1. What is the residue count in the range 245-277 for residues that are in a helix (DSSP H, G or I) and β-branched (Val, Ile, Thr)?
2. Pairs, please: C-beta under 6 Å, at least 6 apart or cross-chain, first residue touching a residue at least 12 places away in the same chain (Cβ under 8 Å) and surrounded by 14 or more Cβ atoms within 10 Å (Cβ to Cβ) and in the range 140-167, second assigned to a helix (DSSP H, G or I) and hydroxyl-bearing (Ser, Thr, Tyr)?
3. Of the residues Thr116, Thr162, Thr132, which single one is over 19 Å from the mean Cα position of the chain (by Cα), at pLDDT 90 or above, outside the structural domain of Val58 (by TED's automatic domain parsing) and hydroxyl-bearing (Ser, Thr, Tyr)?
4. Exactly one of (1) farther than 18 Å from Glu189 by Cα; (2) at pLDDT below 85; (3) assigned to a strand (DSSP E or B) is unmet by Trp48. Its number?
5. In the range 208-243, how many residues are more than 28 Å from Val80 (Cα to Cα) and in a helix (DSSP H, G or I)?
6. Looking only at residues in the range 253-277 that are among the aliphatic types (A, V, I, L, M) and surrounded by 18 or more Cβ atoms within 10 Å (Cβ to Cβ), which one is nearest to Trp127 (Cα to Cα)?
Amino acid sequence: MRAEAGWLLDEDAPGPRKPLYLRGGPGMRVDADGPALRVRRPARAALWFPLARLARVVSSGAVAWDCEALLACAEAGTPVVFVQRDGSVRGYLFGGDARARDPHDLLYTRLRARLTRPGGMARYGTWRDAMTRAAVRALGAQLGQALGDQAPHRLRQALAETRRRYAGPGPAALIEGRLRGWLSGLSAELLAEVGLDAARWTRLDFAFDLAGDLAALLGWALEAPVLAALEARFRGEPGAPNLVEEGQLLGLFEQRVPDLRRLGLDGLHQLRQWLET
């Protein structure tokens, strides 16, 4: 993990492509420079990030993006997620040519075909509820508790209260916001991989947020490790990570990205199966 003022890049992440996290600040600018992004800040040397090595970009706060830099990301199939400082998503840029796409086997085609038919959105909601119940059961197994009967929204509230108790309201909100933004970035990357690129995404004119729903589902898998780390820090255990430090929180997140990727792709595969029946 390399962390500099204004950016973080996980060089230890598996695979040839790495995620880039930009933390906006006064004067930060991103331009295209051939096959790379050039990131500049006042009184600092410019940095170059080859697009061929970037899996996704999460742009947080005040970052001035040149139009050509955005087009370069789209052409390279590198999704960009724009988030506020609190982690809320402002918008997505999906690459124009999703990598490793099979034109005959796309989630996109199932979504368009099914959601335009009566009951299509209800079918989507049933998938989302089923995935949420499965995620809650998995969390219960991790925590050694039976959580299957709890309403998901009430369980989320209880987990948030526990985080606030361990870390304090302000730090807990900071941690939750950062994770929410990073999960959104990962979700955008996964959707691009299964064929939901920019052109196809804009044709799905339906009242649902698949990227946001997928990020929320993946968030259940982070509840147990985050709670464990916060509790260890609260109890003063040696070596416990300080998740308020962005680099340490990002380290925890990226360690789990391979598992999150598998969960996300499996969930999207199941969605396609639900839409086919």
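1. Total meeting the criteria: 1.
2. Qualifying pairs under 6 Å: Pro152/Thr132.
3. One residue alone meets the criteria, Thr162.
4. (2)
5. The total comes to 8.
6. The residue in question is Leu271.
The values are calculated or read from the model by the stated rules, or taken from the named source; none is laboratory data. Predicted model, so just to flag it, every value in this text is computed and none were measured. As a convention, Cβ positions derive from the backbone with ideal geometry for all residues, glycine included, and neighbour counts pool all protein chains shown.
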